[in-house]
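Inspection log for the structure reproduced underneath, given as structure tokens.
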Amino acid sequence: MKVALIGLGTVGRGVLEMLAKKDLGLVLTGIADSKSAFLDPAGIDIARVLARKKKEGFCGDQHLTAEDVIKKADYDALIEVTPTNALSGEPAIGYIKAALNRKKHVVTSNKGPIALAAKELRAMARKKGVALRYEATVAGAIPVMHTLDHGLAGNEILALYGVLNGTCNFILTRMAAEGLTYEQALMEAREMGYAEADPTYDVQGIDAAIKLVILANTIWDNGVKLDDVDRTGIDLLTPDALRLADEGGCTIRLIAEANPKKHLLRVSPRILDKNHPLVFEGTLNALTLETDMAKEITLIGRGAGSVETASAIIGDLLWIRDRYVQRA
Ligand SMILES: NC(=O)c1ccc[n+]([C@@H]2O[C@H](COP(=O)([O-])OP(=O)(O)OC[C@H]3O[C@@H](n4cnc5c(N)ncnc54)[C@H](OP(=O)(O)O)[C@@H]3O)[C@@H](O)[C@H]2O)c1
């Protein structure tokens, strides 16, 4: 199967490294970053592209753009891994629409277009007879969408709750373990590379809320938006709050939860027993699904990272290959 990649940052690099390392039958025919692009229908030499990007800061011809790749390259599936814009979803929404219009499958790790325009994009993909997959948008490497599609097929999903932001989990872990203030734990998270220079999206629960919206719309197709999420972050939590929880055998975690029958769509710090399945240390993510037949299922794993996110993207690509491309 031929693939084109838009975005050669942390995630794009992870995808390319795995395509080069593993014999997956996926051939790269187009690539673009923000400044350049490169097309070769016979297959691009991945090692050369990665070396050029590292040395020169761009991956191809500076007279070509992402649009050139999306509209002209010879590919079956577009891998869209540009930065998330949670307000407009652009340029990713435009990129995804242009690929779908050409009847190309799309795999994205970008939360913006899926949180803002999933219904429209999914309808467009259906109309064109292609797939739109976005496993990597929620909980990184954890195969949430594949579990929903396959392992839990036939189940009614009644409710879900989870830890969907590793940065907050790390900060809360450190505050509880060492009695650190929020500011001290955030500084540590920054030093470890777990928090952005501007941590607002993470610590105010926006990132977790966006993932909750994606999950709710995927499972229940209920058209919820970011504004519908009742959201409280962790930035006002004090060491005293964590100490009091600790005295009761509990701790505090930022929990995203949804239950349509109870009209519940919330991200907030919750007091949990230390033995609760959603209490774990560090930057992991986890999600519990409550279902009618399987009852409770909890998935846990890495919520971010270059190769970890590539795992989710490659899973989607191979799903598309097996379902559509090999049969064509
Ligand atoms: N990092 C993770 O662990 C992770 C996990 C799950 C999901 N995600 C999501 O995956 C996406 C990519 O994340 P990342 O960490 O790889 O981001 P990143 O390191 O910032 O890389 C983004 C890439 O997109 C390119 N780009 C920016 N604007 C572009 C444009 N208009 N047209 C074409 N390319 C453009 C950048 O080009 P230049 O190289 O020229 O700057 C860069 O190569 C984001 O939406 C993120 O939220 C990330």
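Report the Stokes-Einstein translational diffusion coefficient (µm² s⁻¹, integer) for the chain, Rh taken as the Kirkwood radius over Cα pairs, at 20 °C with viscosity 1.002 mPa s.
Rounded to a whole number, D works out at 104 µm²/s.
Report relative contact order for the range 148-302 in percent, whole number only (criteria: Cα-Cα under 8 Å, sequence separation at least 6).
Value for the range 148-302: 34 percent.
Treat the count of other C-beta atoms within 10 Å as a stand-in for reagent exposure and order Cys168, Cys250 from fewest to most.
Cys250, Cys168
Which residues make up the longest stretch of the chain that has no GluC sites (Glu not before Pro) in a DSSP loop with at most 15 other Cβ atoms within 10 Å?
1-155
Please give the helix 206-220 orientation as an angle from the longest Cα principal axis of the chain, in degrees from 0 to 90, rounded to the nearest 10.
That helix lies at roughly 70 degrees to the long axis.
Under 13 Å from the Cβ of Pro41, count the other residues' Cβ atoms, weight Lys and Arg +1, Asp and Glu -1, and hand me the total.
-1
Any chance you could run the full-extension gain for Ala47 through Asp221? It's 0.36 nm times the residue separation minus the Cα-Cα distance, nm to one decimal.
58.5 nm
For Phe58, what is the net charge nearby, where nearby means another residue's Cβ is under 12 Å from its Cβ and Lys, Arg count +1, Asp, Glu -1?
+2
Order of Asp40, Asp240 from fewest to most other C-beta atoms within 10 Å?
Starting with the residue having the fewest Cβ neighbours, the order is Asp240, Asp40.
What residues have an amide H closer than 5 Å to that of Ala304, excluding those fewer than 5 places away on the same chain, when H is modeled at 1.01 Å from N in the peptide plane?
Distant-sequence amide H within range of Ala304: Ala141.
Looking at the chain, what % of its DSSP beta bridges pair antiparallel, to the nearest 5?
65
If the cut-off is a Cα-Cα distance under 29 Å, which lysines reach Lys22, setting aside same-chain residues fewer than 8 apart in sequence?
Lys2, Lys35, Lys53, Lys54, Lys55, Lys71, Lys72, Lys103, Lys104, Lys111
What's the exposure ranking of Ser268, Ser311, going from fewest to most Cβ atoms within 10 Å?
Exposure proxy ranking, most exposed first: Ser268, Ser311.
Connecting C-alpha atoms closer than 10 Å in a GNM of the chain, tell me which of Leu148, Leu254, Leu100 has the biggest fluctuation.
Top of the fluctuation ranking is Leu148.
What are the aspartates and glutamates whose alpha-carbon lies under 19 Å from the alpha-carbon of Lys21, with same-chain residues fewer than 8 places away excluded?
Asp45, Glu308, Asp316
Please state the relative contact order of the range 1-68 as a whole percent: Cα pairs under 8 Å, 6+ residues apart?
33
To test your reading of the geometry: what angle, between 0 and 90 degrees and rounded to tens, separates the Cα axis of helix 111-128 from the longest principal axis of the chain?
50
So what does the Cα-only Debye profile of the range 58-129 read at q = 0.27, 0.28 Å⁻¹, as log10 I(q)/I(0), no solvent term?
Scattering profile of the range 58-129, log10 relative to I(0): -1.30, -1.35.
Can you give the alpha-carbon Rg of the range 1-60 over 2.2 N^0.38 Å, where N counts its residues?
It is 0.99.
Expressed in whole Å with the largest first, what are the equivalent ellipsoid semi-axes of the range 148-302 derived from the C-alpha gyration tensor as the square root of 5 times each eigenvalue?
Value: 27, 17, 14 Å, ordered largest first.
Treating only the Cβ atoms of Lys and Arg (+1) and Asp and Glu (-1) as charged, compute the dipole magnitude of the range 148-302 about its Cα centre; round to the nearest 20 debye.
Rounded to the nearest 20 debye, it is 260 debye.
Work through the residues other than Thr84 whose Cβ is under 14 Å from its Cβ and net out their charges, Lys, Arg +1 and Asp, Glu -1.
So the environment of Thr84 carries a net charge of -4.
Determine the distance separating the Cα centre of the range 155-216 from the Cα centre of the range 261-279; give it in Å without decimals.
One Cα centre to the other: 13 Å.
Roughly what angle does helix 166-178 make with the longest principal axis of the chain, taking Cα atoms, 0 to 90 degrees, to the nearest 10?
Helix 166-178 sits roughly 30 degrees off the main axis of the chain.
Once phi is turned into θ = phi - 60°, what whole-Hz ³J(HN,Hα) does the Karplus curve with 6.51, -1.76 and 1.60 give for every residue of the range 29-37, x standing for Gly and Pro?
10, x, 8, 8, 10, 6, 10, 7, 7
Quick check: pseudo-label points 7 Å beyond the Cα along Cα→Cβ at Thr200 and His263, how many nm apart are they?
Computed distance between label sites Thr200 and His263 equals 3.0 nm.
Report the residue, chosen from Pro260, Pro143, Pro113, that carries the largest GNM mean-square fluctuation when the chain is represented by alpha-carbon nodes joined by springs under 10 Å.
Pro260
The numbers here are math on the coordinates, done by the rules we state, and not lab data. Worth saying up front: this structure is predicted, and the values here are computed from it rather than measured. We place every Cβ from the backbone using ideal geometry, glycine too, and count neighbours over all the protein chains shown.
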